[in-house]
1. When you go through (1) buried (at least 19 other Cβ atoms within 10 Å of the Cβ); (2) more than 18 Å from residue 205 (Cβ to Cβ) one by one for residue 51, which number turns out not to apply?
2. Do you know which residues across region 159-187 are outside any loop (DSSP other than H, G, I, E, B) and either more than 20 Å from residue 77 (Cβ to Cβ) or within 12 Å of the chain's Cα centre (by Cα) (or both)?
3. Within region 188-238, work out how many residues are closer than 16 Å to residue 166 by Cα, crowded, with 22+ Cβ neighbours inside 10 Å and more than 16 Å from the chain's Cα centre (by Cα).
4. With respect to the numbered conditions (1) in contact (Cβ under 8 Å) with a residue 40 or more places away in the chain; (2) closer than 23 Å to residue 54 by Cβ, which one is the sole condition not fulfilled by residue 190?
5. Looking at (1) crowded, with 16+ Cβ neighbours inside 10 Å; (2) under 30 Å from residue 99 (Cβ atoms), which is the only condition residue 161 fails?
6. Of (1) more than 24 Å from residue 212 (Cβ to Cβ); (2) crowded, with 18+ Cβ neighbours inside 10 Å; (3) within 16 Å of the chain's Cα centre (by Cα), residue 8 satisfies all except one. Which?
7. Kindly list, by first and then second residue, each pair from a residue in region 224-238 that is at positive phi and at pLDDT below 95 to a residue that is in a strand (DSSP E or B) and surrounded by fewer than 24 Cβ atoms within 10 Å (Cβ to Cβ), limited to pairs with Cβ atoms under 8 Å and residues at least 6 apart or on different chains.
8. Could you check region 130-158 and list, in sequence order, the residues that are surrounded by 15 or more Cβ atoms within 10 Å (Cβ to Cβ), touching a strand residue (DSSP E or B) at 6+ places or on another chain (Cβ under 8 Å) and either without any contact (Cβ under 8 Å) to a residue 12 or more places away in the chain or assigned to a loop (DSSP other than H, G, I, E, B) (or both)?
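The values are calculated or read from the model by the stated rules, or taken from the named source; none is laboratory data. The structure displayed is predicted, hence computed values, not measured ones. Neighbour counts run over all protein chains shown; Cβ positions are idealised from the backbone, glycine included.
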């Protein structure tokens, strides 16, 4: 989507903020003993009370309002009876629609007591996101994002999951530009346009290179198996850098 009016921008800001508020509340509720279904219900209530709809349910008939992935799961985990335990690494991905506009955000959380390894991984996952966001400006190559994140990952001895990409969003959950790499991609030649709306969402890992299917139709796991985090924002490209839409108040 290319933003063409103030009304469109306001619609995107509204749904982006709602996604961020839901993510923040779910992260705050994370504690040993809570189930992923109970977490999902927190996010669902915030979205539905504000008149928004879960994007995974709306677009893909996903069996939950949000995606919650724990430890060995790295994406698209189904909310259910799994109990969160001390030391777990939990990724929460919230995407939703309101008024014909979509937002998408995510973050990973380490449940105390946190190992030094997971604490560092979460810290550097956030850093990797911002390394990518800092490359965003009208007229610049999209490839700058993956190149910068790749340099950061290599320098800090991480790997990147290279089949889970960022994507356009706005009037639908996934749209052009499709498959925006958060790793170095020599075939990426597109240029960032003013007003372009898309996500940045690197998957930083302690050894994983690929996301592979599990036993159900949704949940993804790293290959080889390794702790992995994801942090995600939806943004609009401007001449002054990224306008980030998925920030809570």
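1. (1)
2. Residues satisfying the conditions are 159, 166, 167, 168, 175, 176, 177, 178, 179, 180.
3. 3
4. For residue 190, the exception is condition (2).
5. Failing condition for residue 161: (2).
6. Among (1) more than 24 Å from residue 212 (Cβ to Cβ); (2) crowded, with 18+ Cβ neighbours inside 10 Å; (3) within 16 Å of the chain's Cα centre (by Cα), residue 8 violates only (3).
7. No pair meets every condition.
8. Within region 130-158, 136, 137, 138, 142, 158 meet the criteria.
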